[in-house]
Amino acid sequence: MNTHKKTVRDVEVRGKKVLLRCDFNVPQDKETGAITSDKRIVAALPTIQYLLENGAAVIACSHLGKPKNGPDPKLSLAPVAKRLSELLGREVIFAHDVVGPDAQTKAAALQPGQILLLENTRFEKGETKNDPELARKMAAMADVYVSDAFGAVHRAHASTAGVAAYLPAVSGFLIQKELEIMGGALANPKRPLVAILGGSKVSSKIGVINHLLDIADTIIIGGGMCYTFAKAQGIGVGNSLLEADWLDYCREMMQKAKDKGVKLLLPVDGVAAAEFSAWPTTDNAASCKSPTPHAARDAAPANAPAATKPSSSARSNPAKPPRNTFCEERCPSFLPWRSRCRGRRTPKHGKRSTTGKYSGCWYCST
């Protein structure tokens with residue numbers, strides 16, 4: 001696995017405009033829109049600061065959420081621009097579109113040492129389709145492209161892949177760090193190697209799953225993708241996330257794991273709820289079964305022993321989050337399948353006990 005990619009240190013950025021793809025897909029309070037965790041913004045700071053200090057004019061961009069019908073005020077990056085400005089201690093110019101008149105005018109006027117944040121890239125319908133015309137328009141505003149959105153680089157979208165066809169492209173420091181960590185874990189793993197996969201889609205993990213089956217001792221699958229695997233075993237999953245076109249692939253992967261002697265662990269039960277929210281009325285559904293119209297939203301307590309044992313004994317443990325609906329809002333410092341809440345909570349998430357755990361979160365009470 002080649003992890004030696006060119007970074008921002010390998011190109012001259014002084015006097016140039018740099019299109020920087022960040023991951024500012026931050027959690028927000030559904031009522032107020034306030035950012036509830038700025039960790040992803042903070043993670044982008046080293047690359048941003050390096051570029052600004054070395055005389056670049058930075059044009060940052062990111063997606064936020066999944067807007068369904070074009071621009072959605074609730075998913076604007078304006079709050080991100082405000083928080084980024086506070087963290088940098090300097091003005092962050094905000095464009096109210098992605099490649100429209102406002103973005104183009106502000107990008108053209110941008111000077112070295114200044115930073116501009118474009119509006120949510122997914123407000124453009126061509127973003128998720130990797131539309132070449134959108135990618136060309138974004139690239140036309142800059143001289144260099146820097147990819148630093150580790151949580152989104154696996155998606156072939158216009159702002160993550162398309163623009164690289166039109167500009168010299170390098171990685172930022174966050175991508176560099178993650179590649180070094182993952183590269184070391186996968187190239188020379190300490191045994192046993194336990195890989196944890198999450199996310200909603202099996203289809204976007206094809207290469208990852210195939211590769212891990214060749215090197216891992218145990219693979220733990222969570223997140224919405226586990227219900228496609230469950231369905232492939234003949235288990236009813238109600239209205240849970242499901243990629244029906246990938247059932248045969250899941251069966252193939254389960255057989256491949258069996259043939260190679262790789263333990264492939266799936267949830268043994270789940271938390272089912274009719275609505276998608278942080279604090280819904282829930283029921284634990286045995287064996288991942290989820291009655292219609294409910295959908296499984298989370299892992300349930302019975303999974304803890306099955307998943308914690310191999311995770312705790314692992315000497316190499318690469319993880320690809322997220323793995324559930326509720327953990328980030330209920331318990332943002334909790335690492336599902338791996339450890340319990342580490343006590344970094346705010347009052348609204350529950351009352352902290354003398355043990356450092358919180359009531360209102362079953363993870364913390366198990």
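The values are calculated or read from the model by the stated rules, or taken from the named source; none is laboratory data. Nothing here was measured: the structure is a model prediction, and the numbers come from that model. Every residue, glycine as well, gets a Cβ built from its backbone with ideal geometry; the counts of neighbours run over all protein chains shown.
Structure notes:
- Index of the failed condition, residue 102 passing every other in (1) in contact with a helix residue (DSSP H, G or I) (Cβ under 9 Å, 6 or more places away or on another chain); (2) over 14 Å from residue 19 (Cα atoms): (1)
- Residues in the range 1-21 that are in a helix (DSSP H, G or I), surrounded by fewer than 16 Cβ atoms within 10 Å (Cβ to Cβ) and in contact (Cβ under 8 Å) with a residue 60 or more places away in the chain: 10 alone.
- Counted residues, the range 147-192 - those being outside any loop (DSSP other than H, G, I, E, B) and of a type in the set (D, E, K, R): 3
- Candidates 135, 140, 165: the one that is under 22 Å from the mean Cα position of the chain (by Cα) and modelled with pLDDT of 90 or more is 135.
- Matching entry among 186, 197 (being modelled with pLDDT of 85 or more and either among the small types (Gly, Ala, Ser) or crowded, with 18+ Cβ neighbours inside 10 Å (or both)): 197
- Top-ranked residue of the range 200-240 - restricted to ones that are more than 14 Å from residue 254 (Cα to Cα) and hydroxyl-bearing (Ser, Thr, Tyr), ranked as surrounded by the most Cβ atoms within 10 Å (Cβ to Cβ): 240
- Selection from the range 79-108 of residues that are out of contact with any Asp or Glu (no Cβ under 7 Å at 6 or more places or on another chain), in a helix (DSSP H, G or I) and free of Cβ contacts under 8 Å to residues at least 40 places away in the same chain: 81, 82, 86, 101, 102, 104, 105, 106, 108
- Within the range 234-248, considering residues that are in contact (Cβ under 8 Å) with a residue 24 or more places away in the chain, of a type outside the set (Asp, Glu) and not in a strand (DSSP E or B), the one nearest to residue 265 (Cα to Cα): 235
- Residues being part of a helix (DSSP H, G or I) and either under 20 Å from the mean Cα position of the chain (by Cα) or closer than 17 Å to residue 265 by Cβ (or both) - total across the range 212-230: 8
- Residue list for the range 150-160, filter: under 28 Å from residue 212 (Cβ atoms) and at pLDDT 95 or above: 157, 159, 160
- Residue, surrounded by the fewest Cβ atoms within 10 Å (Cβ to Cβ), within the range 22-74, restricted to residues that are assigned to a helix (DSSP H, G or I) and of a type in the set (Val, Ile, Thr): 42
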